[in-house]
Amino acid sequence: MRMILGIDLGTSGIRTAVLDSSGKLVSMAQQPHVPQDTSDINAELWWESVRRCITTQIKTLNELGMNPHDISAISVDGTSGTMLLTDANLQPVTRALMYDSKGFVHQAEQIGRVAPVSHITRGPNSALARALYLMREDTDNRARHLLHQADFITAKLTGIGGYSDYNNSLKTGFDPETESWPEWIGDIGIDLTLFPKVRAPGTPIAKISKLVADQLGLPCTVTVYAGTTDSIAAFLACAEPEPGVAVTSLGSTLVVKVMSEKRIDDPEIGLYSHRLGDGWLTGGASNTGGGVLAKYFTPDEIQKYSKKINPELSSRLDYYPLTKPGERFPVNDLALQPRMSPRPQRNSDFLHGLLEGMANIEARCYQAIQQRGGVFPHTIFTAGGGSANQTWKQIREVTLGQKIFNANHTEAAVGSARLVLMIGKDFD
């Protein structure tokens, strides 16, 4: 029986999932990241955690009576925009910069002089600005590869550096439509030989290194496939990548993604598309979400007051719930103020207004995609902690005008493995 190993590099740790060739989940494992200073991240410690997690996964498979040598494919996902520079031997020559690192003002000015208006690489928090900053830290010019987080682990598995995928490379400037790095990037003064060769997600890169296979207890015949970002892997864990299918993630923030037959980008409102198979995964992230609820209520209070809400009735409150000023999508406005007043006397009424306000924002997100030539989703799956709140689900169904489904699987590691089955053309 052939099996696929998906590896997810999340913010809190590593998770792996093994699926059989029918897509059935066989086993999962997890391992926390090795603790380290977030301002000076050593990517080798990611690799150490991945190795430990795979070792645990192999042990679990053996305990289940499964043969780890039936694993024939591996795919890796990582946080979008996290990156580092390595030498030719895949040893880091700089620290790693995380997806949420900020303040690269000088690099943003360099990019702004040549990048197209409203391009995804513009701004002091862009992935390309982060890459420029890292190149400045390579003072002795030892760097040979610019690698995103998932690229680094893929390289460690194969022993070959210099490969990435459409999704991880998007925010660094790669154009998945032309399948190339834009010429204007060279005008910034970047050494383009550092940039990776980019492959479609779910397509083969190379066989696993024999040394690594022997160390981890994997067969040396395993093929490592081009991976994706954690958010896209999470989508694939929840749903089939078919036009009109959407996933709303209700975590500390609210993220929407819908499959489209056409590419839809509008950076001015925080909307962009990732290429996935023959289509495009379009969406964005709002700053509303569970973080707002946690600011005002404990989990027990949310459960208690939710039971007192009639989801069929309007709260009659016009809220735009945010924990602090600033929004990304469907409005891209760093100064947008939260709107959560007046506050009713009853806590259940206040919670009703917050949940309804978030449902309205979710609807506006999908409407913004539709207004730009996309489709309003015909099927919506929900992932994240908020998916357990049935009152919230019912409010959303009233607002969106359709039934909403809870996903059977939500772990990105599952989606990373499913990528090979659903998108890969050469899985054997």
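The values are calculated or read from the model by the stated rules, or taken from the named source; none is laboratory data. Fair warning: this is a prediction, and the values are worked out from it, not measured in the lab. Every residue, glycine among them, receives a Cβ derived from its backbone with ideal geometry; neighbour counts consider all protein chains shown. All accessible areas refer to the heavy atoms of the entire protein, side chains included, with ligands and DNA or RNA removed. Shrake-Rupley method; radii C 1.70, N 1.55, O 1.52, S 1.80 Å.
A few comments on the model shown:
- Per residue, the average separation of C-alpha pairs within less than 8 Å and at least 6 apart gives region 1-105 a relative contact order of 28 percent.
- Region 1-66: Rg to Rh, with Rh as the Kirkwood radius over Cα pairs: 1.06
- Overall Cα dimensions of region 262-308, principal axis frame, Å, largest first: 45, 24, 14
- Whole-number percent relative contact order across region 112-200, with pairs defined as alpha carbons under 8 Å at least 6 apart: 33
- Test item: Cα-centred dipole of region 300-416, Lys/Arg +1 and Asp/Glu -1 on Cβ, debye: 160
- Dipole of the chain, positive end: most advanced residue of H145, W184, G290 [Cβ charges, Cα centre]: G290
- Restraint check, K24/K307; K257/K304; K156/K295; K24/K102; K59/K197; K59/K171, Cα-Cα greater than 32 Å: K24/K307; K156/K295; K24/K102; K59/K197; K59/K171
- As a ratio to 2.2 N^0.38 Å, the alpha-carbon radius of gyration computed for region 200-241 takes the value 1.44.
- Between R339 and K210, the contour length at 0.36 nm per residue exceeds the alpha carbon distance by 40.7 nm.
- Taking all protein chains together, T253, T282 sort by accessible area into T253, T282, largest first [probe 1.4 Å].
- In this rough spin-label picture, where each label sits 7 Å from Cα along the Cβ direction, the H69-S12 distance is 3.7 nm.
- Taking D266, D100, D187 and ordering them by how much accessible surface each has at a 1.4 Å probe, largest first, produces D187, D100, D266.
- Computed from Cα atoms, the angle from the helix 347-371 axis to the main principal axis of the chain rounds to 60 degrees.
- Equivalent ellipsoid of region 1-126: semi-axes from √(5λ) of the C-alpha gyration tensor, largest first, are 36, 17, 12 Å.
- Percentage relative contact order, the chain, counting C-alpha pairs under 8 Å, at least six apart: 17
- Kirkwood-type hydrodynamic radius, region 270-428: 17.3 Å, calculated from all non-identical alpha-carbon pairs.
- When the Gaussian network model of the chain links Cα atoms closer than 10 Å, the mean-square fluctuations of N67, N167, N141 top out at N141.
- Most fluctuating residue given options D349, D318, D300, as computed from a GNM of the chain linking Cα atoms under 10 Å: D300
- Between 0 and 90 degrees, the angle of helix 149-158 with respect to the longest Cα principal axis of the chain falls at about 30 degrees.
- Note on region 20-67: dipole from Cβ charges, positive end direction compared against V34, N67, L45; the farthest Cα belongs to N67.
- Seen from every direction in turn and averaged, the convex hull around the alpha carbons of the chain projects onto 20.4 nm².
- Scaled radius of gyration (Cα, divided by 2.2 N^0.38 Å) that region 114-257 gives: 1.18
- The shape of region 182-267 comes out oblate: with a ≥ b ≥ c from the C-alpha gyration tensor, a/c is at least 1.5 while a/b does not beat b/c.
- Sparsely packed loop sites in region 296-395 (the GluC sites (Glu not before Pro) outside DSSP H, G, I, E and B with at most 10 other Cβ atoms within 10 Å) comprise E312.
- Residues whose amide H falls under 5 Å from that of G13, counting only those 5 or more places apart or on a different chain, are H33, with hydrogens built in the peptide plane.
- The chain - mean residue ellipticity at 222 nm from DSSP helices (-39,500 (n - 2.57) per run, n ≥ 4, rounded to 500): -9000 deg cm²/dmol
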